[in-house]
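Student: Handing you this structure, nothing more for now.
The values are calculated or read from the model by the stated rules, or taken from the named source; none is laboratory data. Since the model is a prediction, treat every value here as computed from it, not as a measurement. Ideal geometry is used to build each Cβ from the backbone, glycine not excepted, and the neighbour counts take in all protein chains shown. We work out accessible area using only protein heavy atoms, side chains counted, and drop any ligands, DNA or RNA first. Shrake-Rupley method; radii C 1.70, N 1.55, O 1.52, S 1.80 Å.
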Amino acid sequence: VSRVIPVDTFDLVIFGGTGDLARRKILPGLFRRFCAGQMPEDARVIGAARAEMSADEYRSFVADAIREFGGGKSCDDGTLEAFQARLEYVTVDAMGDDGWPEMVKLMDGRDVVRAYYFSVAPSLFGDLASRLHKWELTNDQTRIVVEKPFGRDLVTAKALNASLAEHFDESQIYRIDHYLGKETVQNLMAVRFGNMLFEPLWNSQYVDHIQITVAETVGVGGRGDYYDRSGAMRDMVQNHLMQLLCLIAMEPPSKFDPDAVRDEKLKVIRALDPVAPHHVVRGQYDASGDGPGYREAVEDPRSRTESYVAMKVGISNWRWAGTPFYLRTGKRLVTRSSEISVVFKELNHSIFGEKQDHRNTLSIRLQPNEGITLNVTIKEPGPGGMRLVDVPLDMTFAEALGEDAEDPPDAYERLIMDVIRGNQTLFMRGDEVEAAWAWTDPIIAGWEARGDVPKPYESGSSGPGDAVQMLARDTRVWREVK
Ligand code: BG6
């Protein structure tokens, strides 16, 4: 049964409409929503970029992108043609006035939701915001969408927020963190707040520690320029891992409402302890048989940028004081796997007299093979007496939910439609982004001041050995990345 939520008619303008993100994610995502029947009849998608191109040329450009990155969604040519009919294109100059009168003409007289997607370098956000204003391209249903990186530290993030705030209200600004659009990430909230079972135990009295892992097999690929100026801390931790941490650690919001949720997330970030240097491990991948090492990939033999971070994070609040959160993320690791594991404490007394090394673990797999595993302790079968063994209660969403879970909308599809619907729950508020930078800035500044050099790790491994030791010092182990 299709559960497509109807949305109002819209004009979605993609600045950077010929760019990489548009080609790989935004346009194929919109096409899939079109196939799902979620695009109202006279909704339009308008590419806007510097390249000289006719609307027809843009239509073929988009069709190529969909064929290449559409994820094999089999829409017949007729459907693709029908989608192409919704596309327009304008050549505009974000930093000058060229093309803007054409944009005005195109939008004229349409009283519909206007979403402007800034899929461009952050240095252009301010220019675009002021030109939209100057050319009176906004109406009372205008929304703007911005991508990460949202700044590279607190100062730059504040400046970006200020330049957007000159012309737009916070309620109109949608800052994308695509992790929040992932099906299983939203499931974190469903599991916590939709079940009686977990929430009463969700605190430092019962939880020994929590692990958040986002492991990737890809290297920096063709993004060396951007990545080498960012590193894993800015690229992944400040945003994606921080958001996961917030959803796991936050207090229950009073309702599933954008500001109620974001208020709670913000409180978590503000309660994070500063991170001591020996609670962070940075790594950088070496060359391997099937790919160049990090330094070759970014063409800087002395680069000190990290492609891996592991850290121990404390939250100083009533719920979590004393329960460490261990975070790790890296590129060129042994497998692509993201999961969050809540490791419960040992029993305080065992009636079976065994050595007490059994504990419950709840693992939420974000990707791939989305699902939840709860490790429970049971009796080992057979006549050997009361010997205990840990077994998984394993649920993959695909098996449990059948067809409905097989092809969930990609994060971008869902988030773009949330923009059209005017729902900000899964978007970062300005103060959240700033608080996250305020926490990461001193960590990065510490590395710079000490001239810290990341530890090399083998491509295809599970990261630097120092990360293992960091947990060993706490008599804990990382969950196996597999
Ligand atoms: C992006 C980062 O935000 O997220 C990339 O810039 C990273 O470096 C990507 O590879 C990971 O996203 P996903 O959806 O593939 O887990």
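Student: In the chain, carbon and sulfur make up what percent of the accessible area (probe 1.4 Å)?
Tutor: 50
Student: Let me ask something additional. Relative contact order, percent, of the stretch 80-216 when contacts are C-alpha pairs under 8 Å separated by at least 6 residues?
Tutor: Normalised by residue count, the contact order of the stretch 80-216 is 18 percent.
Student: So, one more: Could you state how much accessible area residue 54 has, in square angstrom rounded to the nearest 10, with a 1.4 Å probe and all protein chains kept in place?
Tutor: Number for this one is 50 Å².
Student: Per residue, how much accessible surface does the stretch 303-440 expose to a 1.4 Å probe? Answer in Å², no decimals.
Tutor: 44
Student: In Å², and per residue, what accessible area does the stretch 10-147 have when probed at 1.4 Å with the other protein chains present?
Tutor: With the other protein chains kept in place, the stretch 10-147 gives 43 Å² per residue.
Student: Right, here's the next one. Among the GluC sites (Glu not before Pro) within the stretch 421-482, which fall in a DSSP loop and have no more than 14 other Cβ atoms within 10 Å of their own Cβ?
Tutor: Passing both the DSSP loop test and the Cβ count: 480.
Student: Between the stretch 86-162 and the stretch 223-266, what's the alpha-carbon centroid distance in Å?
Tutor: 24
Student: Compute the length gained on full extension between residue 123 and residue 449: take 0.36 nm times their separation in residues and subtract their Cα-Cα distance, giving the result in nm to one decimal.
Tutor: Additional length available on full extension: 114.7 nm.
Student: Separation between the residue 335 and residue 423 pseudo-spin-labels, each 7 Å from Cα along Cα→Cβ, expressed in nm?
Tutor: 3.3
Student: At 0.36 nm per residue, and after removing the present C-alpha to C-alpha distance, how many nm does the segment from residue 205 to residue 9 gain when stretched out fully?
Tutor: Length difference between fully extended and current span is 65.6 nm.
Student: In Å², and per residue, what accessible area does the stretch 155-197 have when probed at 1.4 Å with the other protein chains present?
Tutor: Solvent-accessible surface per residue comes out at 43 Å².
Student: Further, regarding this structure: How much length would be gained if the chain were fully extended between residue 379 and residue 67, taking 0.36 nm per residue of separation minus their Cα-Cα distance, in nm to one decimal?
Tutor: 107.0 nm
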